[in-house]
Every structure is written in structure tokens, then in C-alpha cells.
Amino acid sequence: HVQLVESGGGLVQAGGSLRLSCTCSGTIFRLNAVAWHRQAPGKQRELVAAITSIGSTNYADSVKGRFTISRDNAKNTVYLQMNSLKPEDTGVYYCATSYFARDYWGKGTLVTVSS
């Protein structure tokens, strides 16, 4: 049973930082690519950042230079370090992975950035 659990969201002022965590169980984690997505109120879900099994990363243009995705295979966890946060970063952040051709999502963690 694959399970993803996000944590680390909260309320922060513009310019501040948060670190999100996504802990995965039920897979051979080191083989998984994992992505962070977010959904702002009234908007579609969008890809924020992704990391492959070998640590290659990619980012949405809107977060390049501010967010960093990383992984700790020993802890089955992927992190999203978010710096210089802006009000437009507000939303529910989800992590996701694929395993045996099925997609799995966490329930999300809310990030609110006040201006």
C-alpha cells in the first residue's frame, strides 16, 4: 500500500521560508521520482518541482532560484525548501509519485503567504 504524507505547511510572511517534507511508504523509495505540485485557490494544480531517482531536478519557472527539492533515501523523504516566499506561492502543496504505472498523491499541506 503506497502512502505519501506531506508536512511542514503553515502561515508565513512574504519573504519568509518554509520546508515541506513528503514521506513515502510502500515502495522501493530510492527508485521513485517524486514531484511537488501546488493548487492555489480557484486555479488548476501545477507542477512546482521534481526530483528523479538519481537526484536530477527540475523546477517551474516561477520558483527557480527560490525553491530547492532534495531527497533523503535513508528516510524515504523528499523535501521542498522554499525561500523568499511570495503571496502567489499560497496554495495546497501535494507530493506525488508513480509506482508500477500508477500515480499516487498525498493529501496535501497548506501554505499561506501573507503580504
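Table for the structure above
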read-out: Backbone N within the range 31-72 under 17 Å of label point (7 Å from ARG19 Cα along the Cβ vector); value: 66-72
read-out: Förster-model FRET efficiency, 35 Å R0, ARG30 and SER62, C-beta, rounded to 0.05; value: 0.75
read-out: Percent accessible area from carbon and sulfur atoms, the chain, protein chains only, probe 1.4 Å; value: 50
read-out: At 1.306 mPa s and 10 °C, Stokes D of the chain from Kirkwood alpha-carbon radius, µm² per second; value: 113
read-out: Rounded accessible area per residue of the chain, 1.4 Å, Å²; value: 55
read-out: Mean projected area (nm²) of the alpha-carbon convex hull when the range 1-40 is viewed from all directions; value: 3.8
read-out: Unpaired by the 4.7 Å Cβ criterion, cysteines found in the chain; value: CYS24
read-out: Debye log10 I(q)/I(0) at q = 0.13, 0.18 Å⁻¹ for the range 14-61, Cα point scatterers; value: -0.40, -0.73
read-out: Relative contact order (percent, whole number), the range 1-100, Cα cutoff 8 Å, 6+ residue spacing; value: 35
read-out: Of all DSSP beta bridges in the chain, antiparallel share, percent nearest 5; value: 90
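The values are calculated or read from the model by the stated rules, or taken from the named source; none is laboratory data. Worth saying up front: this structure is predicted, and the values here are computed from it rather than measured. Because the Cβ atoms are built from the backbone with ideal geometry, glycine has one as well, and the counts that use them run over all protein chains shown. Only protein heavy atoms, including side chains, enter the accessible area calculation; ligands, DNA and RNA are left aside. Shrake-Rupley method; radii C 1.70, N 1.55, O 1.52, S 1.80 Å.
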